[in-house]
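**Q** Could you have a look at this structure, given as structure tokens, before my questions?
The values are calculated or read from the model by the stated rules, or taken from the named source; none is laboratory data. Here the structure is a predicted model, which means the values were calculated and not measured. Reconstructed Cβ throughout: ideal geometry from the backbone, glycine too, with neighbour counts over all protein chains shown. Calculation scope for accessible area: heavy atoms of the full protein, side chains included, ligands and nucleic acids excluded. Shrake-Rupley method; radii C 1.70, N 1.55, O 1.52, S 1.80 Å.
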Amino acid sequence: MALTPTALSRIPGRLADRIADRIADRMKATALELAVLAGHLVLYPSGLVAERRGRPDTAASLGARPVVLLHGFVDNRSVFVLLRRALARHGRDRVESLNYSPLTCDLRSAAELLGRRIEELLARTGHAEVDLVGHSLGGLIARYYVQCLGGDARVRTLVMLGTPHAGTTFVPLADAHPLVRQMRPGSEVLRMLAGPAPGCRTRFVSFWSDLDQVMVPVETARLDHPDLIVHNVRVSGVGHLALPVHPTVAVGILAALDDGEAATDARGGSSGSASVA
């Protein structure tokens, strides 16, 4: 039943205020999602072509670790236009995006492609490690690479934005696509990722939003695993599409990467949580 002003007037004061605030937040988040979608549709064609590979670095110009960006389902690298600018302003001048084919039917194949691209990038730049940022399905692909394909030897920090770690029930009719089925609760891939991962060296940072309408339930974008070094960050008032472009989230991502720079070599099942508004 819809909550009309008359219905709200019959609810005790503080509870009514909280409900009204929640409705207002959801309306703002929906409006932002529509604006982001409109902008992304304009930029989408520019991201269809794979970006040029950078030139090899010299030992004297290595700088900060490279950052690899991985987009979500039926998307491409254009979703990261604003985030790339933020990273560049923060001194991350070696940022590359990976487009996996829209015809991909198994995220494990995309994870293998990611592994090959990272090896090529490290050989070209002279670095020993990269940082990864994955949006939605991209975060799940990156996590599979790290946990199941030995990527923890190559990835220092993995930042995930709205990634369905426990599976999402959003749009049941989309199950016709194999990648969507792999993002469903209880899928074979998710069971593998939930299994033991002793000694995994990568640091995981998972951003999840309380108004993410693609992650159902929203808490599925939290990562909870006893063997992994995990930091969960709750984002307030931001929808799924806005996560890669929202300036507050960008600040959180930069902080997560900086924390990775300063992280010690301690390993084993540590976790934490925070929130950004």
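**Q** Round to a whole number: what % of the accessible area of region 191-257 belongs to carbon and sulfur, probe 1.4 Å?
**A** C and S fraction of accessible area: 62 percent.
**Q** For R116 and L41, compute 0.36 nm times the residue count separating them, minus their Cα-Cα distance, and round to one decimal in nm.
**A** Value of the extension gain: 24.1 nm.
**Q** Using a 1.4 angstrom probe on heavy atoms only, work out the carbon and sulfur share of the accessible area of region 77-183 in %.
**A** C and S fraction of accessible area: 57 percent.
**Q** Need the C-alpha centroid separation for region 94-137 versus region 203-252, integer Å.
**A** Cα centroid of region 94-137 versus Cα centroid of region 203-252: 21 Å apart.
**Q** Which value in Å does the Kirkwood hydrodynamic radius of region 199-261 take, with 1/r averaged over all unlike C-alpha pairs and then inverted?
**A** Working: mean 1/r = 0.0806 Å⁻¹.
Its Kirkwood hydrodynamic radius stands at 12.4 Å.
**Q** Percent relative contact order of region 19-174, based on C-alpha pairs within less than 8 angstrom and at least six residues apart?
**A** With pairs under 8 Å counted, the relative contact order is 23 percent.
**Q** Express in nm, to one decimal, how much length is gained between V74 and A128 on full extension, taking 0.36 nm for each residue of separation and deducting their alpha carbon distance. Walk me through the numbers on the way to the answer.
**A** Numbers: separation 54, 0.36 × 54 = 19.44 nm, distance 3.08 nm.
Using 0.36 nm per residue and subtracting the Cα-Cα distance, I get 16.4 nm.
**Q** Counting alpha carbon pairs within less than 8 Å and at least 6 residues apart, what relative contact order, in whole percent, applies to region 137-194? Spell out each step's value before the answer.
**A** Values: 48 pairs, mean separation 20.0, N = 58.
Contact order relative to length: 34 percent.
**Q** OK, next. Return one whole number: the accessible area per residue of region 33-118 in Å², for a 1.4 Å probe.
**A** The answer is 55 Å² per residue.
**Q** Which of the peptides 184-195, 127-138, 109-120 is most tightly packed, and how do the rest follow, judged by the mean count of other Cβ atoms within 10 Å per residue?
**A** Result, highest mean Cβ count within 10 Å first: 127-138, 109-120, 184-195.
**Q** Accessible area of D175, 1.4 Å probe, to the nearest 10 Å²?
**A** Surface open to solvent at D175 totals about 60 Å².
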